[in-house]
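To start, the structure under review is shown below, and the notes come after it.
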């Protein structure tokens, strides 16, 4: 997703009269590839890295093809506007010293945990997003929860949770003991397992019984990229679960919040017979105590004065949001703002109160620039259960924060 975010920001800045954006790729060994146009237009970081490593070998053939195209199209030299420079591999510090500003589009790792931010601060180069002090705790879901709870705000809380070390030796008995301990601590028979420090939805799975925790921990031990369909009863049978890309030392178990079941139904009319042919409507089924809906909200502004955009109602197809639903256009459903009657069941007053409290969370955590907060919201009174805080959210073309920001323009 970093490539999608980075490419989207780069493309938008290319049309600017104020900036001269140069795309760059941070490698796993800590160096930076400064990218020409052709190398940056790849789908994944791995493909970009390969293109850079073999650029000198491929360049003569590419140049012959380019010359042939120019000749066939009878292009003048002025119409060839792109540089033919080869990618350059530069030590990170040298790269930072060579630029006026670094726009960070990294997700997870040193790009989001404050490490890169701190180095940029030390070298005096400005950057986007929250500073190093705020970034580190936001990458740690357990620490984020602890700081949110310290606000002592009656309308803001987190789900009961407990963290565990990944067991060195895994058996069904050990995973059952861990599950029982967490269920007792959290006061619920259903739990959610998630990485403590990995971003987005990778590795976040609702669990109904101890056997499912064993499946999850076994996948961690095997360094599996995915867990196959049908492995978890609270996840749709057709959904593959994406796992964290980094090795985990700890994981989090927290109480499962029973939220309303909401889906978008394609149909000519609503169940009561109203509606226009070819329209869609919301199917809304109350679950649990009939209060909670899941929302995601962008927050924007300077440190200490962040304000909350209009949040979006999050509709997951399969029990837990996939990475594609969050970042890929046409896959996820976010409704901004959460709809009140007659389309939905969310009180407008609840949304207003939630916005106020989400801004308070952002300011309490020291965020700045832009960020995203995911939460369960009481659709009647705006009470919040914070799920996670993303100090450097994705900026892909379908990122919901763009849609939410339209509310600032409209209002």
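For residues in the range 134-150 being surrounded by fewer than 17 Cβ atoms within 10 Å (Cβ to Cβ) and touching a helix residue (DSSP H, G or I) at 6+ places or on another chain (Cβ under 9 Å), which is farthest from residue 114 (Cα to Cα)?
Taking the candidates together, the pick is 150.
Being loosely packed, with under 13 Cβ neighbours inside 10 Å and touching a strand residue (DSSP E or B) at 6+ places or on another chain (Cβ under 6 Å) is the filter here; which residues of the range 159-201 pass it?
165
Out of the range 42-63, which residues are loosely packed, with under 11 Cβ neighbours inside 10 Å and within 24 Å of residue 14 (Cα to Cα)?
Across the range 42-63, the qualifying residues are 43, 46.
Given (1) touching a helix residue (DSSP H, G or I) at 6+ places or on another chain (Cβ under 9 Å); (2) at pLDDT below 95, where does residue 169 come up short, assuming only one miss?
Status for residue 169: all satisfied but (1).
Residues that are under 27 Å from residue 246 (Cα atoms): list the helices (runs of 4 or more DSSP H) wholly contained in the range 13-125 that include at least 2 such residues. Give the steps one after another, and end with the answer.
Details: elements: 37-40, 45-53, 55-73, 92-98, 115-122.
Output list reads 37-40, 45-53, 92-98, 115-122.
Of the residues that make up the range 314-331, is at least one part of a strand (DSSP E or B), in the same structural domain as residue 391 (by TED's automatic domain parsing) and either modelled with pLDDT of 60 or more or under 23 Å from the mean Cα position of the chain (by Cα) (or both)?
Checked against the condition, which is being part of a strand (DSSP E or B), in the same structural domain as residue 391 (by TED's automatic domain parsing) and either modelled with pLDDT of 60 or more or under 23 Å from the mean Cα position of the chain (by Cα) (or both), the range 314-331 yields at least one hit.
With 205, 125, 156 as the choices, which residue is buried (at least 17 other Cβ atoms within 10 Å of the Cβ), modelled with pLDDT of 95 or more and either over 30 Å from residue 360 (Cα atoms) or within 26 Å of the chain's Cα centre (by Cα) (or both)?
Exactly one of 205, 125, 156 is buried (at least 17 other Cβ atoms within 10 Å of the Cβ), modelled with pLDDT of 95 or more and either over 30 Å from residue 360 (Cα atoms) or within 26 Å of the chain's Cα centre (by Cα) (or both), namely 156.
Taking residue 39 as the residue in question, decide whether it is surrounded by 11 or more Cβ atoms within 10 Å (Cβ to Cβ) and closer than 15 Å to residue 2 by Cα.
Considered against the rule, which asks whether it is surrounded by 11 or more Cβ atoms within 10 Å (Cβ to Cβ) and closer than 15 Å to residue 2 by Cα, residue 39 comes out as no.
Specify which of the listed residues (32, 3, 50, 57) is within 19 Å of residue 397 (Cα to Cα) and either in contact (Cβ under 8 Å) with a residue 24 or more places away in the chain or assigned by TED's automatic domain parsing to the domain that holds residue 104 (or both).
Just a single option satisfies the conditions, and that option is 3.
Specify the residue that is surrounded by the fewest Cβ atoms within 10 Å (Cβ to Cβ); the eligible residues are those in the range 342-352 that are touching a strand residue (DSSP E or B) at 6+ places or on another chain (Cβ under 9 Å) and in a helix (DSSP H, G or I).
350
(1) within 20 Å of the chain's Cα centre (by Cα); (2) buried (at least 23 other Cβ atoms within 10 Å of the Cβ): which one isn't true of residue 366, the others all being true?
For residue 366, the exception is condition (2).
Hey, which of the strands (runs of 3 or more DSSP E) in the range 154-264, taking only ones fully inside, have at least 2 residues that are free of Cβ contacts under 8 Å to residues at least 12 places away in the same chain and assigned by TED's automatic domain parsing to the domain that holds residue 383?
The strands (runs of 3 or more DSSP E) meeting that bar number zero.
Of 355, 372, which residue is part of a helix (DSSP H, G or I), surrounded by 17 or more Cβ atoms within 10 Å (Cβ to Cβ) and assigned by TED's automatic domain parsing to the domain that holds residue 313?
None of the others qualify; the one that does is 355.
Taking the conditions exactly as written (part of a loop (DSSP other than H, G, I, E, B), modelled with pLDDT under 95 and under 22 Å from residue 143 (Cβ atoms)), does residue 393 satisfy them or not?
Answer is yes for this residue.
The values are calculated or read from the model by the stated rules, or taken from the named source; none is laboratory data. In this text the structure is predicted, and so the values were computed from the model without any measurement. Ideal geometry is used to build each Cβ from the backbone, glycine not excepted, and the neighbour counts take in all protein chains shown.
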